[in-house]
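Have a look at the structure below before the remarks.
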Amino acid sequence: MNHIFGPVNSRRLGRSLGIDLLPRKICNFDCIYCEVGPTTNLTCERKEYVPTAAIIAEIDEYCSDPRRMDLVDVVTVTASGEPTLHSGLGRILQHLKEMTGKPVAVLVNGTNLDNPEVVVDLCRADVVVPSLDSALEKSFRRLNRAALCIDLQAMIDGLVNFSRVFSGELWLEVLIAEGINDTPEDLEAIAAVISRMKLTRVQLNTVVRPPLEKFARPVSPERLAEIARSFSLLPGVPMVEVIAHGASIFEKGADIGENKAKFRFLRDEELIENILQMLQRRPCTAVDINRTFMLNGPGKVEQLLEPLVQAGTIEKRLYNGKEYYQ
Ligand code: SF4
């Protein structure tokens, strides 16, 4: 399957079946912390980059075995880029709602919400998770390296207006990078936008996985907790979570058994294919992979992946004292 991956254990959403709308890497940002890689098509053009019918056909094929959906908590629409750039987003969300019967979440970068068509499309989702890393032009440009067609003020107004019309859950993700958007002025500007929005929660993140650029550095857990405390005091903010170092849902006993049931019967080749699908979207440690696929320890992951490292299909990278496959 080209557009469906998982289910994977998501830190935020539980057992998440991923729907990837775009090939690498079509985006209107080129964030310094991106886990997908450099943006090869930096664009604001909204169009059908991949035939909507092809994505819908994959969804139908996946759903043709109802047992598969028993292993899924939520369907997450994402992209190896920015999903709102795909003009078939609304149709795909509608189809997912009808076919899966599961809550549908969409991860977006916060742009395009000033476009009424995108607002109508996203209103079909149950959960929308937009990002806002900076409300100041200088740090916004340094961190997100947006295409010139992106206007920060229009983006912020779009976010605020969307928060007023969307009736589902709206979780705003803010990623803080050391020395870039962690100044008091930056945090005040973000807080001012949060105060104007109607949110279900704010999620604070930092650079935890190997970033695109080496100069994208994390802030400490203590600093993140301090920022979370200050945001939680803002009027109208029901919840602030630090997701950077959070425990994943798969650490809750009941879920482990079910995932194990799915992956235990996969042959090594199928396991490797599933692991590669996951690595295409984000770098992972052997411990991450072992937890997701419930193997017999990180040693088994190394045994499976070492030949691929030797062959140059994937590589290992040391980041913050941890070794990541990517
Ligand atoms: S992090 Fe998201 S928004 Fe930023 S460049 Fe990567 S895919 Fe685009």
Exercise for the section: For THR206, list long-range residues whose amide hydrogen, built 1.01 Å from N in the peptide plane, is under 5 Å from its own amide hydrogen. Expected result: ILE176, ALA244
Problem - Packing-based ranking, highest mean first, of 81-87, 320-326 given that Cβ atoms within 10 Å are counted - result: 81-87, 320-326
Problem - Extension gain from ARG141 to VAL309, taking 0.36 nm per residue of separation minus the Cα-Cα distance - result: 57.0 nm
Practice task
Please express the Cα-Cα pair-distance distribution P(r) of region 138-251 as a list of whole percents, one per 5 Å bin, running from 0 to the bin with the greatest distance.
Solution key: 2, 10, 20, 22, 22, 15, 7, 1, 0
Fill in the blank from the handout: Of all lysine pairs in the chain that are eight or more residues apart or on different chains, those with Cα atoms under 18 Å apart total 9
Problem - Residue-wise HN-Hα coupling along region 107-118, computed from phi with Karplus coefficients 6.51, -1.76, 1.60 (Hz; x: Gly, Pro) - result: 9, 10, 9, x, 8, 6, 7, 8, 9, x, 5, 5
Completion exercise
Once amide hydrogens are built 1.01 Å from N within the peptide plane, the residues lying 5 or more places from GLY81 or on another chain with amide H under 5 Å from its amide H are none
Practice task
Run the numbers on region 4-249 and let me know its relative contact order in percent, using alpha-carbon pairs under 8 Å that are six or more apart.
Solution key: 20 percent
Practice task
Throw me the Rg/Rh for region 4-249, computed over C-alpha atoms with Kirkwood Rh, two decimals.
Solution key: 0.95
Problem - Computed [θ] at 222 nm, deg cm²/dmol, the chain (DSSP H ≥ 4; -39,500 (n - 2.57); rounded to nearest 500) - result: -12000 deg cm²/dmol
Practice task
Could you pull out the trypsin sites (Lys or Arg not before Pro) across region 1-103 that fall in loop regions by DSSP (anything but H, G, I, E, B) with no more than 15 other Cβ atoms inside 10 Å?
Solution key: none
Practice task
State, to one decimal in nm, how far the label point of VAL242 lies from the label point of ASN161, with both points 7 Å from Cα in the Cβ direction.
Solution key: 3.6 nm
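Read the figures in this text as sums done on the coordinates, not as results from a lab. Predicted model, so just to flag it, every value in this text is computed and none were measured. Note that we place each Cβ from the backbone using ideal geometry, even for glycine, and neighbour counts take in every protein chain shown.
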